[in-house]
Amino acid sequence: VQLQASGGGLVQAGGSPRLSCVASGRAFRSYVMGWFRQAPGKEREFVAASNWSGGSTPYANSVKGRFTISRDSDRNTVYLQMNSLKPEDTAVYYCAAAQRIVVKTIGDDYDYWGRGTQVTVSS
């Protein structure tokens, strides 16, 4: 499985960009998909994830109510809609895929990773 994330860039605080992650492979429909981020000098952290149906979508407390994860199985794509961005949301955002049924929030439980897309929020 190969993952390609896009949609990052320089955004003003309060902005609402949407990240996309396109996955190769026919098994996308069954994968748990997640978004993680890593800010400079910090460890990678969980942002959001979705099970195959979109019925289970946990979020990190820091983004709950502002970010929304969704997926389009016809396009093999998972999205992260980010609203009300803050400077502390600045990070490289990674999408990841896990061959699991139960949604996971720990990076080590994911099998495939994309290269990441930089999101920089200016104040």
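Overview of results
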{"read-out": "Filter pass, residue 1 being of a type in the set (Val, Ile, Thr), open to solvent by 50 Å² or more (accessible area, probe 1.4 Å) and touching a Ser or Thr at 6+ places or on another chain (Cβ under 8 Å)", "value": "yes"}
{"read-out": "Some residue of the range 68-75 being modelled with pLDDT of 95 or more, under 21 Å from residue 103 (Cβ atoms), of a type in the set (Asp, Glu) and surrounded by fewer than 17 Cβ atoms within 10 Å (Cβ to Cβ)", "value": "no"}
{"read-out": "Test: residue in the range 78-97 that is in contact (Cβ under 8 Å) with a residue 60 or more places away in the chain, part of a loop (DSSP other than H, G, I, E, B), of a type in the set (A, V, I, L, M, F, W, C) and touching a strand residue (DSSP E or B) at 6+ places or on another chain (Cβ under 9 Å)", "value": "yes"}
{"read-out": "Filter result (open to solvent by less than 90 Å² (accessible area, probe 1.4 Å) and over 11 Å from the mean Cα position of the chain (by Cα)) within the range 26-52", "value": "27, 28, 30, 31, 32, 38, 39, 51"}
{"read-out": "Pairs with Cβ under 9 Å, 6+ apart, first in the range 100-123 and part of a helix (DSSP H, G or I), second modelled with pLDDT of 95 or more and open to solvent by 40 Å² or more (accessible area, probe 1.4 Å)", "value": "107/44; 107/45; 107/94; 107/113"}
{"read-out": "The range 84-108: number of residues that are within 15 Å of residue 1 (Cβ to Cβ) and either open to solvent by 30 Å² or more (accessible area, probe 1.4 Å) or of a type outside the set (A, V, I, L, M) (or both)", "value": "4"}
{"read-out": "Criterion: touching a Ser or Thr at 6+ places or on another chain (Cβ under 6 Å) and closer than 16 Å to residue 34 by Cβ - qualifying residue of 57, 68, 90", "value": "57"}
{"read-out": "The range 109-123: number of residues that are surrounded by fewer than 15 Cβ atoms within 10 Å (Cβ to Cβ) and within 23 Å of residue 28 (Cα to Cα)", "value": "2"}
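The values are calculated or read from the model by the stated rules, or taken from the named source; none is laboratory data. No experiment lies behind these values; they were computed from the predicted model shown. For neighbour counting, all protein chains shown are included, and Cβ atoms are generated from backbone atoms with ideal geometry for every residue, glycine included. For the accessible areas, the whole protein counts, side chains as well, though only heavy atoms, and no ligand, DNA or RNA atoms are used. Shrake-Rupley method; radii C 1.70, N 1.55, O 1.52, S 1.80 Å.
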